[in-house]
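*Asks:* Dropping the structure in here first, questions after.
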Amino acid sequence: MEFMLSIQALSLVLLVLGIGLAFSGIRLSGWVLGWILLAGALLLQGFRSMLTYSFEHGGVDPAIYAVANDWMGLGFSLLIVASMHMMREVLARNMLAEERLRVIGVAAQDGIIMMDNKGRIAFWNGGAQRIFGYGEQEALGRNLHELIVPEMYRTDFDKGFDCVRQNESGRVAGKTLELAGLRKDGTHIVTEHSIAGVSIDGEWHTICIVRDISERKQFEERIRRLANYDNLTGLPNRLLFFDRLRQAINLAGRNRYELSLLYLDLDKFKTVNDTLGHDAGDEILKAAADRIQQQVRESDTVARIGGDEFAVILPQIASQQDAGIVARKIIDALLAVFELSGENRQQVRIGASIGIATFPADGADMDALVRIADAAMYKAKQAGNSFSFATAQKADSLQ
């Protein structure tokens, strides 16, 4: 009798638990709740079978059996209904969420990618296909970093999402990152990822809104070049020249070494420009810029200051005589014949005059150094096709 009462009590507990979980506001996974209810129903049915077996073998009073069997039958039915209701609701919510995500994914121009906590792609919309070239079936289930990230960046990319694998939002969630991207055809692009972390069934998933910003970056680079580089020669312009000279002087001052500035003006250029026209003048300016660059080191800066004036920054030189050697090489290169394009292949000769100022001997700051180098250049121009030092220490043997 006591055994049967215990079974009845257990039935009541399972019944109440099932009803309570099915209709309460407890925020557990719907699948977890459904399986709890279903397990309770199966457990209760097991006890009911044991009760029937005992009754058939005369171990249970018929009156007790009737009451217990009714209770267990009712509990089993209610638990089954509750578990099915819960699972149906979960399926309906998941289907609705998937449908909403699909509609949003189709409408969005940006790529929408969702990864599970193992870094595998769980959702891939048409925008992602347009950006990276992979179809949905090609992308689903694959690791994101192996699909769209250049090989050299994959390790760092993977580490950025390491917390997601540990069911945490990670250090990338909630941020917008600019990342290198790789298309299916091997083309490298620049992408912008807006990243969010979301918990689904107790596991963190990562949702990325991806945008191809390659054209924007190219436009920004063009704007930057227009602001800092001469449009004709491709050399640093006056603005960038002064910025680099300021940095070079600061670095030379900290490390206690000399720096030379060459201020250069083309000889006879105005005559050629007026006689042969601006197209010929532009051609000579471009060719002169190339010749000057060929005479200096990669660490040196050649800039077009304006018109037919150029400047060269020689950081970390051993002596003024070294600057004089470079100046002589530049003058000799510019004295060589320029052959213009066109049917006549006209040949032109120009030259150059260069003023040399050295930091810190000739000037302790940028303005002083430029002013002194410019004055030395005008002194050299009196002789033509020569260079002049700003100080009395002239290397006459190099003239």
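*Asks:* In the stretch 327-351, what residues are open to solvent by less than 30 Å² (accessible area, probe 1.4 Å) and either in a helix (DSSP H, G or I) or hydroxyl-bearing (Ser, Thr, Tyr) (or both)?
*Replies:* Selection gives Ala327, Ile330, Ile331, Ala333, Leu334.
*Asks:* Would you point out the residue of the stretch 183-199, among those that are free of Cβ contacts under 8 Å to residues at least 24 places away in the same chain and surrounded by 14 or more Cβ atoms within 10 Å (Cβ to Cβ), that is farthest from Gln109 (Cα to Cα)?
*Replies:* Ranking the candidates gives Ala196 first.
*Asks:* I'd like to verify a number: residues in the stretch 352-399 that are aliphatic (A, V, I, L, M), at pLDDT 85 or above and either touching a Pro at 6+ places or on another chain (Cβ under 7 Å) or surrounded by fewer than 19 Cβ atoms within 10 Å (Cβ to Cβ) (or both), how many?
*Replies:* Counting residues in the stretch 352-399 that are aliphatic (A, V, I, L, M), at pLDDT 85 or above and either touching a Pro at 6+ places or on another chain (Cβ under 7 Å) or surrounded by fewer than 19 Cβ atoms within 10 Å (Cβ to Cβ) (or both) gives 5.
*Asks:* Looking only at residues in the stretch 131-150 that are open to solvent by less than 50 Å² (accessible area, probe 1.4 Å) and of a type in the set (A, V, I, L, M, F, W, C), which one is nearest to Thr206 (Cα to Cα)?
*Replies:* Top of the filtered list is Leu144.
*Asks:* Where in the stretch 208-324 are there helices (runs of 4 or more DSSP H), lying fully within it, with 2 or more residues that are under 29 Å from Glu343 (Cβ atoms), open to solvent by 30 Å² or more (accessible area, probe 1.4 Å) and of a type in the set (Ser, Thr, Tyr)?
*Replies:* Per the criteria, 269-276.
*Asks:* State whether the residues of the stretch 217-229 include one that is within 30 Å of His145 (Cα to Cα) and in contact with a strand residue (DSSP E or B) (Cβ under 8 Å, 6 or more places away or on another chain).
*Replies:* The answer is yes; a qualifying residue exists.
*Asks:* Search the stretch 311-329 for residues that are touching a residue at least 12 places away in the same chain (Cβ under 8 Å) and of a type in the set (D, E, K, R) and pair each with any residue that is surrounded by fewer than 22 Cβ atoms within 10 Å (Cβ to Cβ) and part of a helix (DSSP H, G or I) when their beta-carbon atoms are under 7 Å apart and the residues are at least 6 apart or on different chains.
*Replies:* What qualifies is Arg328/Leu398.
*Asks:* For Trp204, all conditions in the list (1) touching a residue at least 60 places away in the same chain (Cβ under 8 Å); (2) more than 30 Å from Asp282 (Cα to Cα); (3) touching a Leu at 6+ places or on another chain (Cβ under 8 Å) hold save one; what is the number of the exception?
*Replies:* (3)
*Asks:* Could you check the stretch 81-158 for helices (runs of 4 or more DSSP H) lying wholly inside it with 2 or more residues that are closer than 17 Å to Val190 by Cα, modelled with pLDDT of 85 or more and not aliphatic (A, V, I, L, M)?
*Replies:* Those helices (runs of 4 or more DSSP H) span 126-132.
*Asks:* Here is a further query. Search the stretch 376-398 for residues that are under 13 Å from Arg328 (Cα atoms) and pair each with any residue that is surrounded by fewer than 19 Cβ atoms within 10 Å (Cβ to Cβ) and modelled with pLDDT of 90 or more when their beta-carbon atoms are under 8 Å apart and the residues are at least 6 apart or on different chains.
*Replies:* Gly384/Gly351; Asn385/Leu335; Asn385/Gly351; Phe387/Arg328; Ser388/Lys379; Leu398/Ile325; Leu398/Arg328
The values are calculated or read from the model by the stated rules, or taken from the named source; none is laboratory data. Because the structure is a prediction, the values reported are computed rather than measured. For neighbour counting, all protein chains shown are included, and Cβ atoms are generated from backbone atoms with ideal geometry for every residue, glycine included. Ligands, DNA and RNA are stripped out before the accessible areas are found, and what is left, the full protein with its side chains, is counted by its heavy atoms. Shrake-Rupley method; radii C 1.70, N 1.55, O 1.52, S 1.80 Å.
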